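The values are calculated or read from the model by the stated rules, or taken from the named source; none is laboratory data. Since the model is a prediction, treat every value here as computed from it, not as a measurement. Cβ: placed from backbone, ideal geometry, glycine included. Neighbour counts: every protein chain shown. Calculation scope for accessible area: heavy atoms of the full protein, side chains included, ligands and nucleic acids excluded. Shrake-Rupley method; radii C 1.70, N 1.55, O 1.52, S 1.80 Å.
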Amino acid sequence: MSHSVFAQSHTTPTAKTLFTGNNEDTAVLILDGTYIYIQKSSYHKFQKKTYSMHKNRPLVKPMIIVGSDGYILSVLGPYYANGHNNDASITKHLFKTNAEDIKKWIKDDDVLVVDRGFRDAQAFLESLNLKVEMPCFIKKGQKQHTTEEANSSRLITKVRWVVESANGRIKQWRFLDKVVSNHFVPYIGDFVRIVSAFINCFRAPLINDFCNEEIGQTMLDKAQLGNQVQKYVEDNNLIRKKAIYSEVNGTENVLDFPKLTLQQIRDITMGVYQLKQAPRYTESHLSDDNYMLQTCRDRPNLLRVKLTSRHSSSRVYSLWIEFSGDEVTGWYCTCKVGARVVGCCAHIASTMWYLGYSRWELETPSTCKYADSILNAKDVPLETDSDSDSDGFIEE
């Protein structure tokens, strides 16, 4: 496929708006390495080179290049899995060796959308007159991205997710999802390329809505804004103050919170991931002792909620949602990406989903049906005096 055909046919309007300035001749390429698991080899050198310290098992790594609509442009490799073959090293190798004549195909100012694993190749790619878009790192000593950093990272993840889904489509082929026998190793690259060709030919694009041209510009406009709720919270030290809040019941006493539709919540999150997480977050927190819903006495339209992290029970996040009339006007969360205004984190989305949609629609989040079939050693009944008297030796 020629560069011009790829740029015009497989670049979504959102990607063009966010990264190319709507230039029709600029290609947006998304790179990521995937894994194909293989057997442990009896040859020691090959065993060391194919063993991944990240996955703790032997594998090889094809490098996937896709368009912003999920079209798989190229599959390079596979490469070994040791420390010398990380994503950055593989990217440098394919450009230095001019794999598949990539230097001739690619043009100046083309955009490469990558994850943080490519950080060591960023300067190299920029020296080739390519534009690199990569999520920001949290600086040493910081616990949270700034609003500008979080907004910038959200613009990138809005486009980059398709490469993960493309990798998932490849793994839907059972042969590539299982451990591949070592006598197939010389052909793994060909197998992945054949499967990718099938996917391009017979599967629908991951994104086929080429008419939605407004969301990209909306995200760019919001990325220029600051987080006014964060500023108010920090200026008034609302993170540490306790007496300024009044605890409320989420079902009965927050009647002023606006009633929202799913589309309105999706317009706030600017994606479906947070919206899909909302019912599970709500279900797990409604019965959580750390779950707390409060209003600010000095500012009744400012709601404070405390949620436990889904990854760590000891980590509790505080979030604030500002509302006025029939709309949500601002938000802030203490999680790593909670300061962004281009979309919101899953903690804020779950709170808006519950207060603004679920309780009005009487939609109860489903519970895990099989959780009660597993025993928990933590759940031990308290001993009573009668229990302790009945245990031990029988008195004669």
Those trypsin sites (Lys or Arg not before Pro) from region 152-194 that are DSSP loop and have at most 10 other Cβ neighbours within 10 Å turn out to be none
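Which of rounded, prolate, oblate describes region 226-360, given a ≥ b ≥ c as roots of the alpha-carbon gyration tensor eigenvalues and a/c under 1.5 marking rounded, otherwise prolate only if a/b is larger than b/c?
Rounded shape, in that the Cα axes give a/c under 1.5.
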With a 25 Å threshold on alpha-carbon distance, the violating pairs from Lys276/Lys336; Lys16/Lys131; Lys140/Lys276; Lys143/Lys378; Lys96/Lys336 are Lys140/Lys276; Lys143/Lys378; Lys96/Lys336
In whole angstrom, largest first, the equivalent ellipsoid semi-axes that the Cα gyration tensor gives for region 285-361 are 19, 15, 13
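Out of region 51-132, which trypsin sites (Lys or Arg not before Pro) are coil in DSSP terms and have no more than 16 other C-beta atoms within 10 Å?
Numbers: sites: Lys55, Lys92, Lys96, Lys103, Lys104, Lys107, Arg116, Arg119, Lys131; in loops: Lys55, Lys107.
Answer in residue order: Lys55, Lys107.
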GNM on the chain, Cα springs under 10 Å; top mean-square fluctuation among Val111, Val163, Val380 goes to Val380
Expected vector for region 333-349, Karplus 3J(HN,Hα) from phi with 6.51, -1.76, 1.60 and θ = phi - 60°, integer Hz, x for Gly and Pro, equals 9, 8, 6, 4, 10, x, 8, 6, 10, 7, x, 8, 7, 5, 5, 5, 4
Each label sits 7 Å from Cα toward the beta-carbon; between Thr329 and Lys107 the label points are separated, in nm, by 4.6 nm
In whole Hz, the Karplus estimates of ³J(HN,Hα) for region 30-45 (6.51, -1.76, 1.60; θ = phi - 60°; x where Gly or Pro) are 10, 10, 6, x, 10, 10, 10, 7, 10, 6, 6, 8, 7, 7, 4, 5
Under the 7 Å Cα-to-Cβ spin-label approximation, Trp161 and Asn182 lie apart by a distance in nanometres of 4.0 nm
If each part is reduced to its alpha-carbon centroid, region 29-86 and region 297-324 end up apart, in Å, by 41 Å
Between Lys131 and Ile244, the two model label points (7 Å from Cα along the beta-carbon direction) sit apart by a distance in nm of 4.1 nm
Expected max-MSF residue from Asp110, Asp190, Asp87 in the GNM of the chain (alpha carbon, under 10 Å) is Asp190
Taking a ≥ b ≥ c as the square roots of the Cα gyration tensor eigenvalues, with a/c under 1.5 meaning rounded and otherwise prolate when a/b beats b/c or oblate if not, region 84-188 comes out oblate
Listed by chain and number, the residues whose amide H is under 5 Å from that of Arg57, excluding neighbours fewer than 5 places away on the same chain and using placed H, are Ser52
Expected max-MSF residue from Trp353, Trp320, Trp161 in the GNM of the chain (alpha carbon, under 10 Å) is Trp161
Subtracting the Cα-Cα distance of Lys96 and Gln228 from 0.36 nm times their residue separation yields 42.9 nm
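How much length is gained on full extension from Asn236 to Asp25, taking 0.36 nm per residue of separation minus their Cα-Cα distance?
Details: separation 211, 0.36 × 211 = 75.96 nm, distance 4.92 nm.
Here the segment from Asn236 to Asp25 would lengthen by 71.0 nm.
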Applied in sequence order to region 350-358, the curve 6.51 cos²θ - 1.76 cosθ + 1.60 (Karplus, θ = phi - 60°) yields integer Hz couplings, x standing for Gly and Pro, of 5, 5, 5, 5, 6, 6, x, 10, 4
The percentage of the accessible area of the chain (probe 1.4 Å, all protein chains present) made up of carbon and sulfur atoms, to the nearest whole number, is 50 percent
Probe 1.4 Å, heavy atoms of protein chains only: per residue, the accessible area of the chain in Å² is 56 Å²
Rounded to 0.05, the calculated FRET efficiency for the beta carbons of Tyr273 and Ser312 at R₀ = 25 Å is 0.80
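With 29 Å as the limit, write out which pairs from Lys48/Lys92; Lys48/Lys104; Lys48/Lys178; Lys45/Lys171 have Cα-Cα distances beyond it, or answer none. The partial results should precede the final answer.
Numbers: Lys48/Lys92 22 Å; Lys48/Lys104 35 Å; Lys48/Lys178 21 Å; Lys45/Lys171 27 Å.
Among Lys48/Lys92; Lys48/Lys104; Lys48/Lys178; Lys45/Lys171, the Cα-Cα distance tops 29 Å for Lys48/Lys104.
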